[in-house]
Amino acid sequence: MKRIILFGSGVALLGIVGLGTLVIWPIGLKPDPIELTGDVDRGAYLARASGCIACHTDFEDRGAPLAGGVKLDTPFGALYSANLTTDPEHGIGDWTIEEFAKAVRQGISPEGEPYYPAFTYPFYANFTDQDIADLWAAFQTVPAVSQPAPSHQMAFPFDQRWGLKLWRAAFLEPPRTGPIEGNDPVWNRGRELVEGATHCAACHTGRNILGARNSDDEHFAGNPSLPGGNKAPAIDHETLQSRDWTVDALAYALKTGITPSGDAFGGSMGEVVLQGTQFLTVADRQAIATYLMDDHSGG
Amino acid sequence: MKKLTVITAFVFTSAAFAAYAHGGATGIVKERMDAMSAMGKAVKAITPMMRGEIEFNAASVRSVAKTIGNHAGADLTELFPEGSGGAPSETRDAVWTNWNEFTELAEQLEVYADGLARAANNGMMAGTQSGMSSGAMMGGSSMMGGGTMMGGGMMQGAMTADDIAGMPVDGAFAMVSQVCSACHTKFRAESK
């Protein structure tokens, strides 16, 4: 609530300082030059884990890999995922690695425009320079698709990108991916993935009326109204345990989609498994499950 | 005005029927729900085995594969006549607007179940809990891993029964389960 008030105050402040200031208010930090050599396989793996391929490939219409165009119906209007192929005009072919780093970690385009948080960049903020270099190397292998993704159809005032600067000021938080000292490496690896790359909270944590996650009091408490009418169940460890999940069962579900009742995932989670987690290593799925099945509140 | 009254009455009556039917599905909807439950039970029965938690038994796998096979292909699609959607059914209209793909998945399930039955004698993959790990799939040093992962949507990488039959049984089972999940993802409304 405090943040909504903060946001409201920000809006009120607008009247005083003037819109112009906000429109030209520069955001983000210029990344230092990245000169590391990327590993394509590692980058492709991270792209899988992070959902780049799942969200930026229109599987429904058998679209080309990473050519974007997947529609996301939000309460504020329709968004389409971007073309991330190497096409210089419609994709990211003419970007520098530093621009790429800023887009992924900070959610800011090469033109300095903030992205809508439907792009889950808040989870990627702690990606290392090596992670970025690996991703960048992998993206260089994507065949160019010379076709623009459809334009967003956001209702006023949400089509005004400067509004996102206020949103960022009010709601943007660093992801809680850092290791907790004293916990075993598997648990900490799970934390790194769950709170970062695999961005579970994007769907499994509820959002306030401005689309920001209620991380402090509703972390993993589920979200009854996902874009497109889907629902995400609670995945806090107590709920998972009460629904017969175990570490092994959960790790196995991330590979096969099979739930403890013998059902198979559908909806968004089916997509997550089929386009994402089934390609992870056994060890990483086990790590994700280990973390989720344990008490990690306040972490 | 009268027309409106009639429509309103109709809407309320329909809603009442829908509410009534929700208590227990009947007819073809119940039939397909029962078929799905039978497959779910079968899957549940051998999942702990496929995870290496209980002792492996080839006969159980064959029996489960047979159950799935019997409910797949045309046996599955014939339970989805046009116009049988709506509550209490969880079927999405996409089944009928995208009938070809629905049929393909149902047939794929039958083929994979056949493969699973024949893979039963192969035993479990040594050392790991599931067959295809990412390492193998990610090869080829490109984002696409040689096209295997990314080609043509969900139907990508459709295998033959012989392919499946050649896999360790837990890998074959994972392939079958992913068909279940692929179909649910596209064609089942999520109620929970």
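The values are calculated or read from the model by the stated rules, or taken from the named source; none is laboratory data. Please read these numbers as outputs of a predicted model, since none were measured by experiment. Cβ coordinates were reconstructed from backbone atoms using ideal geometry, including for glycine residues, and neighbour counts include every protein chain displayed.
Below, the figures for the structure above:
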{"read-out": "Single match in A:Asp73, A:Asp94, A:Asp87, A:Asp61 (criterion: part of a strand (DSSP E or B), surrounded by fewer than 20 Cβ atoms within 10 Å (Cβ to Cβ) and assigned by TED's automatic domain parsing to the domain that holds A:Tyr116)", "value": "A:Asp73"}
{"read-out": "Residue that is nearest to B:Ser177 (Cα to Cα), among those in region A:228-287 that are acidic (Asp, Glu) and out of contact with any Leu (no Cβ under 9 Å at 6 or more places or on another chain)", "value": "A:Asp263"}
{"read-out": "Subset of region A:111-163 [under 22 Å from A:Val194 (Cα atoms) and of a type in the set (Asp, Glu)]", "value": "A:Asp129, A:Asp131, A:Asp134"}
{"read-out": "Residues (more than 21 Å from the chain's Cα centre (by Cα) and either aliphatic (A, V, I, L, M) or at pLDDT below 95 (or both)) located in region A:262-299", "value": "A:Ala264, A:Val282, A:Ala283, A:Met293, A:Asp295"}
{"read-out": "Within region A:266-280, considering residues that are in contact with a strand residue (DSSP E or B) (Cβ under 8 Å, 6 or more places away or on another chain) and in contact (Cβ under 8 Å) with a residue 12 or more places away in the chain, the one nearest to A:His56 (Cα to Cα)", "value": "A:Ser268"}
{"read-out": "So A:Ala118, is it over 19 Å from A:Gly38 (Cβ atoms) and surrounded by fewer than 21 Cβ atoms within 10 Å (Cβ to Cβ)", "value": "yes"}
{"read-out": "Scan of region A:231-289 for residues that are at the interface with chain B (Cβ under 8 Å from one of its Cβ atoms) and at positive phi, ordered by number", "value": "A:Gly257, A:Gly262, A:Gly267"}
